[in-house]
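First up is the structure itself, then whatever we jot down about it.
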Amino acid sequence: MVLRPTTEADLAECVRAANGPLRIVGGGTRSIGHLGPAVVLETGGLSGVSLYEPGALTLVAGAGTPLAQVEALLTTEGQRLPFEVPDMRGLMGRVGVSTLGGVAAANASGPRRVQVGACRDNLIGVRFVDGSGTVIKNGGRVMKNVTGYDLVKLMAGSHGTLGVLTEVSFKLLPIPEAAATLMLYGLDTRAAVSAMAAALGSPFEVSGAAHVAVSAEGYPVTFLRIEGFAASVAYRAEQLKNLLAGQGEMVVVTDRGQVDRQWQSLRDVEVFHGSAEDVWRISVKPSDAPTLIDQMPAHTRVCLDWGGGLIWAAVDPGTDLRAQVGPISGHATRVRGDAGDLIAAFQPEAPALAVLAKGLRSKFDPRGILNPGLM
């Protein structure tokens, strides 16, 4: 059974009338994890931009609004969502339309997170329906509004387990005039993390730092991005080259189309598209990444983002990567793979955190019907 409400009131009634589990679906392009039998509740009918103020750099839209529609609208005004939303369809082998609510629910954040923060850092307001069918509004539509700050942050990354988003408000940023990528060839993982740390710690405002251990050409490549006014980008790229002198062969790419294609490929983890491997997403301290990768099974393919703070790992199907690497100071999420309930998609919560999470769920979803057992 599939429920497709077209208004917030209809959605609230669907939740109130539910007598069993609900699986919350936006566009279905980035959902992960395994749920048992449930009624599907789609939010795609809650679509449309209700407020766009280019001068105030703010946007308010229904949770079911297609991401592509929003991005096209923002481009007409030379603006964008700051956090560079990944397109997971290729990685997950799915079709469909990514929605703005799904982006917020998954806290979907790309390479630019190292400079501007994650999706949750740019989410300034939400409306949602909790598990009892009550409509809740939190935050606002201006960047300085801090009302309900914690609740807005809480909904980002909750994957529909605390409430069903019906409306989201974001702050925006202008599209920069120019961009450049500094590419370093041949660095191993430890050297790449060191180089990315040096670049991110420099005053040259690096907006992306990624590393592919085995590129399409068969060798490791480290990518560093700079964005801004053309003269500034040229100056900072040259200074970054000087900073990293001696790190091996370097190439600076300044063609905007090529730069954008490079970072789209890194953002969407294209190196793992079309393979049969399971894919894991691991968030750690960047300095921990090399040691953690050393503990992974032989033949694991990896690429890094966020200066090493995000590891994408492709492993043989059915591999429990958490068991292989042992305890980590971070979290490992199985984003692709068909292990059912045998391997939890999300990192099991520490006991103290589990108590807090259980308390939150009991407040927002007292009947336990919203994506139960997902996280």
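The values are calculated or read from the model by the stated rules, or taken from the named source; none is laboratory data. All values derive from a computational prediction rather than experimental measurement. Note: ideal-geometry Cβ built from the backbone for every residue, glycine included; neighbour counts use all protein chains shown.
A few points about this structure:
- Yes/no for ALA314 being surrounded by 17 or more Cβ atoms within 10 Å (Cβ to Cβ) and under 30 Å from ARG16 (Cβ atoms): no
- Unique match (being surrounded by fewer than 20 Cβ atoms within 10 Å (Cβ to Cβ), touching a residue at least 12 places away in the same chain (Cβ under 8 Å) and either assigned by TED's automatic domain parsing to the domain that holds ARG113 or assigned to a strand (DSSP E or B) (or both)) among VAL168, VAL252, VAL214: VAL252
- Test for THR76: is it more than 19 Å from the chain's Cα centre (by Cα), over 27 Å from ARG113 (Cβ atoms) and surrounded by fewer than 16 Cβ atoms within 10 Å (Cβ to Cβ): no
- Condition met for THR76 (without any contact (Cβ under 8 Å) to a residue 60 or more places away in the chain and over 14 Å from VAL168 (Cβ atoms)): yes
- Scan of segment 22-44 for residues that are surrounded by fewer than 16 Cβ atoms within 10 Å (Cβ to Cβ) and within 12 Å of ARG4 (Cβ to Cβ), ordered by number: VAL39, VAL40
- Take the conditions (1) in a helix (DSSP H, G or I); (2) more than 27 Å from PRO372 (Cα to Cα); (3) out of contact with any Gly (no Cβ under 9 Å at 6 or more places or on another chain); LEU304 misses just one of them, which is (1).
- Only one of the numbered conditions (1) assigned to a helix (DSSP H, G or I); (2) over 16 Å from the mean Cα position of the chain (by Cα) is not met by ASP121, and that is (2).
- Residue count for segment 2-32 under the criterion of being part of a loop (DSSP other than H, G, I, E, B) and either over 27 Å from the mean Cα position of the chain (by Cα) or over 11 Å from VAL164 (Cα atoms) (or both): the result is 14.
- Index of the failed condition, GLN247 passing every other in (1) part of a helix (DSSP H, G or I); (2) touching a residue at least 60 places away in the same chain (Cβ under 8 Å); (3) more than 24 Å from GLU270 (Cβ to Cβ): (1)
The rows are residues; the columns are (1) free of Cβ contacts under 8 Å to residues at least 12 places away in the same chain; (2) farther than 18 Å from LEU200 by Cα; (3) of a type outside the set (Ser, Thr, Tyr).
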{"position": "ALA276", "(1), (2), (3)": "no, yes, yes"}
{"position": "ALA289", "(1), (2), (3)": "no, no, yes"}
{"position": "GLN295", "(1), (2), (3)": "no, yes, yes"}
{"position": "THR300", "(1), (2), (3)": "no, yes, no"}
{"position": "ASP316", "(1), (2), (3)": "no, yes, yes"}
{"position": "THR319", "(1), (2), (3)": "no, yes, no"}
{"position": "ILE328", "(1), (2), (3)": "no, yes, yes"}
{"position": "HIS331", "(1), (2), (3)": "no, yes, yes"}
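- Within segment 106-125, not a single residue is of a type in the set (Ser, Thr, Tyr), touching a Ser or Thr at 6+ places or on another chain (Cβ under 6 Å), at pLDDT 95 or above and crowded, with 17+ Cβ neighbours inside 10 Å.
- Pick from segment 81-95, criterion among the charged types (D, E, K, R) and out of contact with any Pro (no Cβ under 8 Å at 6 or more places or on another chain), ranking: farthest from TRP263 (Cα to Cα): ARG94
- Extreme residue, nearest to ASP288 (Cα to Cα), among residues of segment 194-208 that are outside any helix (DSSP H, G or I) and touching a strand residue (DSSP E or B) at 6+ places or on another chain (Cβ under 8 Å): GLY208
- In segment 250-293, the residues that are basic (Lys, Arg), closer than 20 Å to GLN347 by Cβ and touching a strand residue (DSSP E or B) at 6+ places or on another chain (Cβ under 7 Å): ARG281
- Restricting the first member to segment 151-164 and to residues that are touching a residue at least 24 places away in the same chain (Cβ under 8 Å), and the second to residues that are hydroxyl-bearing (Ser, Thr, Tyr), the beta-carbon pairs closer than 8 Å and six or more apart or on different chains are HIS159/SER31; VAL164/THR43.
Condition check ((1) closer than 13 Å to LEU244 by Cβ; (2) crowded, with 16+ Cβ neighbours inside 10 Å; (3) modelled with pLDDT under 95; (4) aromatic (Phe, Trp, Tyr)) across all residues:
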site: PRO174; (1), (2), (3), (4): no, no, no, no
site: GLY201; (1), (2), (3), (4): yes, no, no, no
site: ALA210; (1), (2), (3), (4): no, yes, no, no
site: ILE226; (1), (2), (3), (4): yes, yes, no, no
site: VAL233; (1), (2), (3), (4): no, yes, no, no
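- Among the candidates ALA178, ALA199, ALA210, ALA231, residue that is in contact with a Phe, Trp or Tyr (Cβ under 6 Å, 6 or more places away or on another chain) and under 16 Å from VAL252 (Cα atoms): ALA210
- Against the test of being touching an Asp or Glu at 6+ places or on another chain (Cβ under 8 Å) and part of a helix (DSSP H, G or I), the options GLY55, GLY90 yield a single qualifying residue, GLY90.
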